[in-house]
Amino acid sequence: MTRMQLVLPRLYMDYKLYAEMYQAHAGNGCFIILDNGAAENEQVTDYELSTVAQELMPDEVAIPDVLGDAKATINRAQNFIEEYLEKYTMIGVAPGFVAQGCDVLETLDTIWEAYDRWNGIVKTIYIPRRLINDTGNKTARIEVMQNNLPDCFEYHFFGATGLFPDELRVAATLPNLRSMDTSLPYNYAWFNQPIDFTDMNISRPNDYFHLLFNSEQREYSIQNIQTMLRWINE
């Protein structure tokens, strides 16, 4: 496993092996973000999310958001913080906010709205891959990070897109970006492809969370992870 791991609460609740793997790594040098599941169409209730957080004790939890809707996401987050902030504070899990927006400017506005409301409460701003897919602008998230941003937050890229697989290479040069999670090494490996071929737009395979690798795909997965780790150190 790489150091940064994203956990889906629905899979954690439904699959014992999945839960046990992350339980073994939480607090053991692995940084765990508990996702809310919206972007993966694996949503859970706020209560279920908090229940998983109390059991797993991740480093961060993604406050529930509304895909592609900045205003609704702000309202959703406000309600969640009012109801659940004390519970997460008591168990030492830091809240992160997903900055939804239809374009770069709206995403920036959403981040500053989060600053006005939750400076000192929200630890991390998550910038979703949806921004790239919705705008068709493969450098959209890079452009967000190149603007004036509140320095009280840490910043994380939520996922990566096949439209720009070597985004990580560029992102590694951004001084204010903390981290990024991605399943691209797996996606390329499923189709027996090295991720070096960045002109290929590889999409996530169907039934992604339930597929098993053969030995060749496993080797491609390891190779692709090593490639992306090399990119961030170039």
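The values are calculated or read from the model by the stated rules, or taken from the named source; none is laboratory data. Bear in mind that the values here come from a model prediction, so they are computed numbers and not experimental data. Cβ sites come from the backbone with ideal geometry, for glycine too, and all protein chains shown count toward neighbours.
Just checking, does the stretch 116-131 include any residue being outside any loop (DSSP other than H, G, I, E, B), free of Cβ contacts under 8 Å to residues at least 24 places away in the same chain and either of a type in the set (Gly, Ala, Ser) or out of contact with any strand residue (DSSP E or B) (no Cβ under 7 Å at 6 or more places or on another chain) (or both)? Walk me through how you get there before you give the answer.
First pass over the stretch 116-131, keeping only residues outside any loop (DSSP other than H, G, I, E, B): 116-119, 122, 124-128, 130-131.
Next cut, free of Cβ contacts under 8 Å to residues at least 24 places away in the same chain only: 116.
Among the residues that remain, those that are also either of a type in the set (Gly, Ala, Ser) or out of contact with any strand residue (DSSP E or B) (no Cβ under 7 Å at 6 or more places or on another chain) (or both) are: 116.
Yes, the stretch 116-131 has at least one match.
Does Ile195 satisfy being assigned to a loop (DSSP other than H, G, I, E, B) and over 21 Å from Phe31 (Cβ atoms)? Answer is yes for this residue. As a summary of the residue check, Tyr47 satisfies the conditions (1) of a type in the set (Phe, Trp, Tyr); (2) in a helix (DSSP H, G or I); (3) in contact (Cβ under 8 Å) with a residue 24 or more places away in the chain except for the one numbered (3). Identify, please: which residue in the stretch 40-61 is among the aliphatic types (A, V, I, L, M) and more than 14 Å from Gly92 (Cα to Cα) and is, among those, surrounded by the fewest Cβ atoms within 10 Å (Cβ to Cβ)? Once the filter is applied, the top-ranked residue is Val44.
Would you mind stating whether Asn201 is loosely packed, with under 14 Cβ neighbours inside 10 Å and either touching a strand residue (DSSP E or B) at 6+ places or on another chain (Cβ under 8 Å) or modelled with pLDDT under 95 (or both)? Before you say what the answer is, go through the steps one by one.
Numbers: loosely packed, with under 14 Cβ neighbours inside 10 Å: yes; either touching a strand residue (DSSP E or B) at 6+ places or on another chain (Cβ under 8 Å) or modelled with pLDDT under 95 (or both): yes.
In short, yes.
Exactly one residue among Asp65, Asp109, Asp35 is surrounded by fewer than 21 Cβ atoms within 10 Å (Cβ to Cβ), modelled with pLDDT of 95 or more and among the acidic types (Asp, Glu), and that residue is Asp109.
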